[in-house]
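A short write-up of the structure that comes next.
The values are calculated or read from the model by the stated rules, or taken from the named source; none is laboratory data. Computed from a predicted structure; not experimentally measured. We place every Cβ from the backbone using ideal geometry, glycine too, and count neighbours over all the protein chains shown. These area figures cover heavy atoms from the full protein model, side chains too; ligands, DNA and RNA do not enter into them. Shrake-Rupley method; radii C 1.70, N 1.55, O 1.52, S 1.80 Å.
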Amino acid sequence: MKIALLTDGIHPYVIGGMQKHSYHLVRELARNGHTVYLFHCNESKLDAAKLEFFSEEERKNIKSFLIPFPHKKYYPLHYISESYDYSESIYSALQPFISEVDFIFAQGFCAWALLKHRKNNTPPVAVHFHGLEMFQNIPSVKAKLSRRFLQKAVNENLRKADYAISLGGKITTILNSITDKNKVWEVPVAIEKTWLTETIGPVSDKVRFAFVGRYERRKGIPELNEAIKSLSGSTHLTFDFIGEIPEEHKLPYSFVKYHGKISSEGEIKKILSGCDVLICPSYAEGMPYVIMEAMACGLAVIATDVGAVSLLVNSDNGWLINSPKTENIAEAINTAIDDKSLQQKKSASLQKIKANYLIETVTASLIQNIRQSINKS
C-alpha cells in the first residue's frame, strides 16, 4: 500500500507523544514493505532530511517531504492559526501525489486544509487527535480560553474525515459524542520491544517513585508537590523527576532528585528500571507513552483515570485515582508503600505490555483496518 502520513514532526526531530507515535508508525509501515509519503517538519538541530534514525531498508520505503512549521509571534489562539497554515502547506505539497496514495493518515490538524478543499480523487482520510485534551478538564486559564475554538476546529475536521482514530477508553466516549461512532477506529499507541526489561528489581525498604515529563499545568505537578510535602516525614520513599522542572517548582528535600531533561531513551530506561512506581497525576491525557515505557521497565503505576489510561492501569498493576487532588495522590502513595503485593504489580505491568502494547501487534491491526477501508472506496 501507499500511505501518506501527515504529521507535525517525528521523533526525535520534534519531541512529543504524537511525534513519537508518528515515528513508530512510519517505521513499522516501512518495515512491512508499504510506501510511506511522509509530510513532516523539523524543530531540532538535526538534519531531518537524512532520516538517520531509520535503517537503510526502511528509508527505501519512505518518501520524505519537509514542511516548515509557520511559527508566528505569540497572540491568543496562535496555535490554531499556525496549524491551519501548516496544513495548507502540506496540502500544496501533497497535491502532485494525491492520485498515487491509497490512504491518508493525519495527526492532529495536519489534514485540515485537505479536508476543506477535498476533491473527488482524494483517498480515504483518517484523523488522529490523540488525547482530545480540549474536551477534557484542565485547570488552566489559557486552556479554558482556547477550549471552545479548538473544539470547533476538531469538530470541523472530524465531520469531513472518513475515519477518526481513538486510543480507546474515555477517548472513544468523547469521539462517539461528537462524530459518527461507525467511523471510529480504536487503535492504541504502542512501544518497541527494546523497552522491555529482562529482570525486575526487588522492592527495597524505600519505595522509589518516579515522575516523567516537563512542567505543564495539566500534568498535576503542583498537586504532586503538595502530596510529597505532606509525606516529607516518611523514611520509606524516594522520588525521581525526569524532565524540565522550573527551579521555583522544585522541592528542597534530600529524598527528591531532579534529573532534568534527558533525551537518551537508554538513560531514561536505566533510571526507571531502578524505580518501583510511576506517578502520572494528570488532569488530561490520551494514552501516555511514559506509562507504557515505565510498565515495560517493570513499574507499578499511580495515575488519574483520564483518557485511555484505564486500559493500561488497574488494580492488578497499580492504582487509579479519580482526580489529581493532593489528598488522592498522597493516599495512593501511602497505599503503594504499604502494599505487600507491589512486586506482583510490577510484574503485571510488564506482562500487560508484552501481551497488548507492542508496536508490531498494534500496527498489524491498523494495517488491516486501512486495507478494509481501501477495498470499500
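May I ask for the angle, rounded to the nearest 10°, between helix 221-230 and the longest principal axis of the chain, with both axes built from Cα atoms and the value confined to 0 to 90°?
The angle comes out at about 10 degrees.
Classify segment 1-126 from the C-alpha gyration tensor, please: rounded if a/c falls under 1.5, else prolate or oblate depending on whether a/b exceeds b/c.
Judged from the Cα gyration tensor, segment 1-126 comes out oblate (a/c at least 1.5, b/c at or above a/b).
Could the peptides 1-7, 282-288, 333-339 be put in order, highest first, of the mean number of other beta-carbon atoms found within 10 Å of their residues?
Top of the packing list down: 282-288, 1-7, 333-339.
Give the long-range amide H neighbours of Gly318: residues separated by 5 or more places, or on another chain, with amide H under 5 Å away, using H modelled in the peptide plane at 1.01 Å from N.
Val301
Accessible area per residue of segment 117-236 at 1.4 Å probe, in Å²?
50
At 222 nm, what helix-only mean residue ellipticity would the chain give, in deg cm²/dmol to the nearest 500, using -39500 (n - 2.57) for each DSSP H run of four or more?
Taken over the chain, the calculation gives -12000 deg cm²/dmol.
So for segment 126-208, if I pair up every lysine 8 or more residues apart or on another chain, how many of those pairs have alpha-carbons under 26 Å apart?
14
So what J values fall out for segment 57-65 if you push phi through Karplus, 6.51 cos²θ - 1.76 cosθ + 1.60 with θ = phi - 60°, rounded to Hz, Gly and Pro as x?
Taking θ as phi minus 60°, the curve returns 5, 5, 4, 4, 9, 10, 9, 9, 10 Hz for segment 57-65.
Using Cα positions and a limit of under 16 Å, work out the aspartates and glutamates in reach of Lys50, with same-chain residues fewer than 8 apart set aside.
Filter leaves Glu58.
In nm, give the distance between the simple-model label positions of Phe53 and Glu192, each being 7 Å from the Cα along the Cα-to-Cβ direction.
For the pair Phe53/Glu192, the computed spacing is 0.9 nm.
Would you mind working out the accessible area per residue for segment 250-337, using a 1.4 Å probe, and quoting it in Å²?
Accessible area per residue, segment 250-337: 35 Å².
Distance from a point 7 Å along Cα→Cβ of Tyr253 to each backbone N in segment 269-283: keep the residues under 14 Å and list them by number.
279
Subtract the Cα-Cα distance of His71 and Ser315 from 0.36 nm times their separation in residues, and report this length gain in nm to one decimal.
83.5 nm
Within segment 265-300, list the residues whose amide N lies under 15 Å from a label point set 7 Å along Cα→Cβ of Ile200.
Label zone hits: 273-278, 292-300.
Would you rank Lys250, Lys183, Lys60 by solvent-accessible area, highest first, keeping every protein chain in place and using a 1.4 Å probe?
Listed by decreasing accessible area, they come as Lys60, Lys250, Lys183.
So if each residue of separation counts as 0.36 nm, and I subtract the Cα-Cα distance between Phe149 and Asp305, what length gain in nm does that give?
So the extension gain works out to 53.6 nm.
What aspartates and glutamates could a cross-link reach from Lys60, if we take a straight Cα to Cα line under 20 Å and drop same-chain neighbours fewer than 8 places away?
Glu28, Asp47, Glu52, Glu100, Asp102, Glu360
Taking all protein chains as present, what is the carbon and sulfur share of the accessible area of segment 143-267, in % to the nearest whole number, probe 1.4 Å?
It is 48 percent, rounded to a whole number.
Based on the mean of other beta carbon atoms within 10 Å per residue, what is the order of 14-24, 319-329, 304-314, most packed first?
So the peptides 14-24, 319-329, 304-314, ranked by packing, come out 304-314, 14-24, 319-329.
Could you tell me how far the Cα centroid of segment 46-66 sits from the Cα centroid of segment 315-372, in Å?
So the separation of the two Cα centres works out to 33 Å.
Can you tell me how much longer the chain between Ser230 and Tyr79 gets when fully stretched, taken as 0.36 nm per residue apart minus their C-alpha distance, in nm with one decimal?
Gain on extension, Ser230 to Tyr79, equals 50.6 nm.
Computed from the coordinates I sent, Cα extents along the principal axes in Å equals one of [x] 71, 44, 44; [y] 74, 52, 36; [z] 66, 44, 41. Tell me the label.
[z]
Given a Förster distance of 51 angstrom, what is the FRET efficiency for Lys270 paired with Asn322, based on the Cβ-Cβ distance and rounded to 0.05?
0.95
Take the cross-link list Lys270/Lys340; Lys20/Lys269; Lys257/Lys354; Lys2/Lys116 and give me the ones stretching past 28 Å between alpha-carbons.
From the list (Lys270/Lys340; Lys20/Lys269; Lys257/Lys354; Lys2/Lys116), the Cα-Cα distance tops 28 Å for Lys257/Lys354.
Taking the Cα centre of segment 45-183 as the origin and placing charges on Cβ (Lys, Arg +1; Asp, Glu -1), which of Ile138, Ile98, Leu175 is farthest toward the positive end of the dipole?
Highest projection toward the positive end goes to Ile138.
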